[in-house]
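Asker: One structure is given below, represented as structure tokens, and several questions about it will come after.
The values are calculated or read from the model by the stated rules, or taken from the named source; none is laboratory data. Since the model is a prediction, treat every value here as computed from it, not as a measurement. Quick reminder, even Gly has a Cβ in these numbers, built from the backbone with ideal geometry, and neighbours come from all protein chains shown.
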Amino acid sequence: MDTSRLLFLIFMVITTSECSGTAEPKCQKMDKRSYTLLEGEAFYLEPYDVASGLSDEDIKWYKNEIEKIPTDKKKNVHYHGEALFFLNLLPENSGNYTAWETDPSSGKCYKYDVEVNVVNSSHMKNLLYGEIKNSDMNKMIPCPDPVKKTCQRMKGKFRWNKDNKALQGRHEDALWIANASKDDEGIYTCICTWTYNGKEYNSSASRELKVEGNTSHGSAKFTAASRKGKLSITHH
């Protein structure tokens, strides 16, 4: 074997080991993210700061560092490019997921770590994406980023629940509540329905609303009144 060919083989072995799910990494480690997800729903995940438009060869996904995630779209858990899909979340899907990205232009390697914890609906408090609590008269409840991003990427449709009851006609990525009172307190859930591979899936995330310094009571009425282009709730 000539010297140039030997050097080439050594280079290939080193490059492969740097971006392997089982080898000691020499890649740049990105910030770890954690998600608590509802059993039975779907989840679409792109790591923060990951490049877009990657091929399945540019990035590889692993569970717990050693179990390789497939690219077969028929599998419950699979990936396509930079996106990791969970089509029917199960408790056994909980674990640590790692993506290894190789930049095809520079050859640089990046490592993304994601922790997934799948729970059932009895653990609703663990599923909350923060609390809306301020003294503003008019409240805005934004759809949590993971669900908002899913709807944008997958061209899905938004809907909202309050304390597990549907809010009719609400299909925005944020709710506005005008003249909020204690009656409006509760858990608001943003739900995205999206289609993938010919089937519909749901992804949801919730926030809790608490109203400070306003104890008035009244019946909430949904109107077509607009505030910054959003539907609002007014009280009478």
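Asker: Can you name every residue in region 132-150 that is outside any strand (DSSP E or B), touching a residue at least 60 places away in the same chain (Cβ under 8 Å) and not hydrophobic (A, V, I, L, M, F, W, C)?
Answerer: Ser135, Asn138, Pro144, Pro146, Lys149, Thr150, listed by residue number.
Asker: Return the total of residues in region 168-217 being part of a strand (DSSP E or B) and either of a type in the set (Lys, Arg) or closer than 30 Å to Asn88 by Cα (or both).
Answerer: The total comes to 25.
Residues are listed down the side, and each one gets a yes or a no for (1) surrounded by 16 or more Cβ atoms within 10 Å (Cβ to Cβ); (2) farther than 17 Å from Glu39 by Cα; (3) touching a Gly at 6+ places or on another chain (Cβ under 7 Å):
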| site | (1), (2), (3) |
| --- | --- |
| Asp72 | no, yes, no |
| Lys75 | no, no, no |
| Glu101 | yes, yes, no |
| Pro104 | no, yes, no |
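Asker: Hey, does region 7-23 have a residue that's modelled with pLDDT of 50 or more and within 28 Å of the chain's Cα centre (by Cα)? Before the answer, list the steps.
Answerer: Step one: filter region 7-23 for residues modelled with pLDDT of 50 or more, giving 19.
This time we only want the ones that are within 28 Å of the chain's Cα centre (by Cα), so: 19.
Yes - at least one qualifying residue is present in region 7-23.
Asker: Looking at Glu82 and the list (1) touching a residue at least 60 places away in the same chain (Cβ under 8 Å); (2) surrounded by 14 or more Cβ atoms within 10 Å (Cβ to Cβ); (3) closer than 25 Å to Lys26 by Cα, which single condition is not satisfied?
Answerer: Of everything listed in (1) touching a residue at least 60 places away in the same chain (Cβ under 8 Å); (2) surrounded by 14 or more Cβ atoms within 10 Å (Cβ to Cβ); (3) closer than 25 Å to Lys26 by Cα, Glu82 misses just condition (1).
Asker: State which residue is surrounded by the most Cβ atoms within 10 Å (Cβ to Cβ) when the search covers only region 54-70 and only residues that are not hydroxyl-bearing (Ser, Thr, Tyr) and not in a loop (DSSP other than H, G, I, E, B).
Answerer: Ranking the qualifying residues of region 54-70, first place goes to Trp61.
Per-residue answers, yes or no, for (1) of a type outside the set (Phe, Trp, Tyr); (2) out of contact with any Lys or Arg (no Cβ under 7 Å at 6 or more places or on another chain); (3) not assigned by TED's automatic domain parsing to the domain that holds Glu46; (4) not in a loop (DSSP other than H, G, I, E, B):
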site: Leu84; (1), (2), (3), (4): yes, yes, no, yes
site: Leu89; (1), (2), (3), (4): yes, yes, no, no
site: Glu92; (1), (2), (3), (4): yes, yes, no, yes
site: Ser106; (1), (2), (3), (4): yes, yes, no, no
site: Lys111; (1), (2), (3), (4): yes, no, no, yes
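Asker: On the given criteria, is Ala225 hydrophobic (A, V, I, L, M, F, W, C), at pLDDT 95 or above and more than 23 Å from Glu46 (Cα to Cα)?
Answerer: Here the answer is no, as Ala225 does not meet what is asked.
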